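Trainee: Could you have a look at this structure, given as structure tokens, before my questions?
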Amino acid sequence: MTLRLYDTSARQIRDFHPLQPGRVSIYLCGATVQAPPHIGHIRSGLNFDILRRWLSYRGFDVTFIRNVTDIEDKIIAKSGEQQRPWWAIGYENERAFGEAYATLGCLPPSYEPRATGHVPEMVEMMRTLIARGHAYPADGNVYFDVRSYADYLSLSNQDLDHLLQPAGEGETGKRDPRDFALWKAARRGEPDWESPWGRGRPGWHLECSAMAHKYLGRAFDIHGGGIDLVFPHHENEIAQSRAFGDDFAAYWMHNAWVTMSGEKMSKSLGNSVLVSEMVKRWRPLVLRYYLGTPHYRSTIEYSEEAVLEAEAGFNRIEGFLHRAVEQAGAVEPAAAVPEEFAAALDEDLGVPHALATVHTTVRQGNAALAEGDKESAAALAAQVRGMLQVLGMDPLDPHWSGATASGARGRRDLTDVVDALVGLVLDQRQAARQRKDYGTADAIRDELQAAGLVIEDTPNGPRWELG
């Protein structure tokens, strides 16, 4: 089956055809390291980690670039607020991001370039843009002339004549207020580098274009990032890269936000949930399941109740695998995933539908265990492990051994046991319904309701809650 992905630039799902057969190149906008990561930051890396794993499963050799923006207005502002060197803030938070990615099971990138390591490449790119009439120097700054690039704003589908883009601090000498800075003239107390136009520092947008060009060449397959980067960041990347002469990205993929009370999770709003704090309360694997289960283009509305629900769902999967190993012996992951699982991921990385297949297989496996059919249970457990390995969520993988939350486990340990037991009974009820033994199924439901549980049958299987 052909892999299909939603391309932001085309505003539709397209068949994916890599530029080079058997190889896929991805550039993901990584962290701006002015502060430690919250779960909204890490969602992007996790979503694209799942994409990368699926492409690898499908047989592609994947080159995955995720940059670090270690010089930018926000980092300089933090330096002033904290009275600390900008590089110390950047390095500290770069390490925090790296730890968060690793803790949640994201594979390391093929390369992880820093912006400050690529100033010479940016200078050369600006030279070419000025020579071609797409950029101009003014007052020690260098600006991109947006009207020189006919397709400007095609990604975000905006009208240039109605675009409001106020100038940043120190951005003087613009011919048009909508022109954006490639190079910012040096200011007292700020870091700067030498250039033909005077000392200064690079603009945010130019950094990614230079790094993508260096590591992926004139053209690459997929450019990814959060939906908030479509404008201005990705729009400006396209303009300067294509004006420079690169074909740049063939597909654009954007993940949605994690929100709280309907607002984008961000440090400026004070509503962020730091990964370092979350893993003190929740197992990293549960957090990966929570952030990776929704479709990447769907907004996640954060709440503790939602994480608890994700934990309960994952515990049912994990509980089956542990019971299968206890009763049937060691279970290795199946080499091939079920067709319906593959079809779901091939259709724009449909993780929710793929996980529905996982849960269906778990119910079948629990039914096999209940009937004493260890051989079938082991085969089904192997399928479950194979699917979870593709998603980076296999609890029996050595990566996750010992990866437990550091606190608040007593109450949830009991919750885990109760959820696993109720899940086993519900799987037995589901098995009775499948063999049309409705009397037994109804009797199980009535017993559970008498115990104070409300049972709801959903397309993804039965759910329970206290009545």
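The values are calculated or read from the model by the stated rules, or taken from the named source; none is laboratory data. Keep in mind the model is a prediction, meaning the values are calculated, not measured. With ideal geometry, Cβ positions are generated from the backbone for all residues, glycine too; neighbour counts draw on all protein chains shown.
Trainee: Counting only residues that are touching a residue at least 40 places away in the same chain (Cβ under 8 Å) and of a type outside the set (Asp, Glu), how many does segment 118-169 have?
Mentor: 29
Trainee: Continuing with this model, one more query. Looking at GLN12, GLN83 in this structure, which one is closer than 25 Å to THR299 by Cα, surrounded by fewer than 22 Cβ atoms within 10 Å (Cβ to Cβ) and polar (S, T, N, Q)?
Mentor: Checking each option against the conditions leaves just GLN12.
Trainee: Looking only at helices (runs of 4 or more DSSP H) that fall completely inside segment 193-290, which ones have 1 or more residues that are among the β-branched types (Val, Ile, Thr) and in contact with a helix residue (DSSP H, G or I) (Cβ under 7 Å, 6 or more places away or on another chain)?
Mentor: 275-281
Trainee: Follow-up. For residues that are of a type in the set (Phe, Trp, Tyr) and under 18 Å from TRP204 (Cβ atoms), scanning just segment 86-95, find the one that is surrounded by the most Cβ atoms within 10 Å (Cβ to Cβ).
Mentor: TRP86
Trainee: Provide a single number: the residues in segment 119-133 that are surrounded by fewer than 22 Cβ atoms within 10 Å (Cβ to Cβ) and either closer than 18 Å to VAL33 by Cα or out of contact with any Lys or Arg (no Cβ under 7 Å at 6 or more places or on another chain) (or both).
Mentor: Matching residues across segment 119-133 total 10.
Trainee: Looking at GLU277, GLU263, GLU318, GLU301, which one is of a type outside the set (Ser, Thr, Tyr) and under 27 Å from LEU380 (Cβ atoms)?
Mentor: Only one candidate qualifies: GLU318.
Let's see how each residue does on (1) crowded, with 20+ Cβ neighbours inside 10 Å; (2) not assigned by TED's automatic domain parsing to the domain that holds MET393:
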site: GLU237; (1), (2): yes, yes
site: VAL273; (1), (2): no, yes
site: GLU277; (1), (2): no, yes
site: PRO284; (1), (2): yes, yes
site: ALA306; (1), (2): no, no
site: HIS322; (1), (2): no, no
site: ALA330; (1), (2): no, no
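Trainee: For segment 15-26, what are the residues that are surrounded by 19 or more Cβ atoms within 10 Å (Cβ to Cβ) and either out of contact with any Phe, Trp or Tyr (no Cβ under 6 Å at 6 or more places or on another chain) or over 29 Å from ILE71 (Cα atoms) (or both)?
Mentor: Listed by number, the residues that qualify are PHE16, PRO18.
Trainee: Moving to a separate point now. Tell me, which strands (runs of 3 or more DSSP E) lie completely within segment 1-111 with 1 or more residues that are of a type in the set (Ser, Thr, Tyr) and out of contact with any helix residue (DSSP H, G or I) (no Cβ under 9 Å at 6 or more places or on another chain)?
Mentor: Filter on segment 1-111 gives 4-7.
Trainee: Counting only residues that are out of contact with any Lys or Arg (no Cβ under 6 Å at 6 or more places or on another chain), aliphatic (A, V, I, L, M) and buried (at least 16 other Cβ atoms within 10 Å of the Cβ), which one in segment 149-190 is farthest from ALA135 (Cα to Cα)?
Mentor: Among them, the one singled out is LEU155.
Trainee: Quick check on segment 370-389: of everything there that is surrounded by fewer than 22 Cβ atoms within 10 Å (Cβ to Cβ) and of a type in the set (A, V, I, L, M, F, W, C), which residue is farthest from LEU287 (Cα to Cα)?
Mentor: Among those residues, the one meeting the criterion is ALA370.
Trainee: Given segment 298-409, what helices (runs of 4 or more DSSP H) lie entirely inside it while holding 1 or more residues that are of a type in the set (Asp, Glu)?
Mentor: Once the helices (runs of 4 or more DSSP H) in segment 298-409 are filtered for at least 1 residues that are of a type in the set (Asp, Glu), what remains is 304-328, 339-346, 374-391.
Trainee: Name the residue, out of SER276, SER261, SER195, that is on the phi > 0 side of the Ramachandran plot and hydroxyl-bearing (Ser, Thr, Tyr).
Mentor: Only one candidate qualifies: SER261.
Trainee: For segment 419-453, name all the residues that are surrounded by fewer than 13 Cβ atoms within 10 Å (Cβ to Cβ), more than 19 Å from GLN364 (Cβ to Cβ) and modelled with pLDDT of 70 or more.
Mentor: GLY439, ASP446, GLU447, ALA451
Trainee: Hey, among ARG66, ARG132, which residue is in contact with a strand residue (DSSP E or B) (Cβ under 7 Å, 6 or more places away or on another chain) and of a type in the set (Lys, Arg)?
Mentor: Residue meeting the stated conditions: ARG66.
Per-residue answers, yes or no, for (1) within 32 Å of the chain's Cα centre (by Cα); (2) in a loop (DSSP other than H, G, I, E, B); (3) assigned by TED's automatic domain parsing to the domain that holds GLU207:
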{"residue": "SER154", "(1), (2), (3)": "yes, yes, yes"}
{"residue": "GLN165", "(1), (2), (3)": "yes, yes, yes"}
{"residue": "GLY168", "(1), (2), (3)": "yes, yes, yes"}
{"residue": "LEU182", "(1), (2), (3)": "yes, no, yes"}
{"residue": "ARG188", "(1), (2), (3)": "no, yes, yes"}
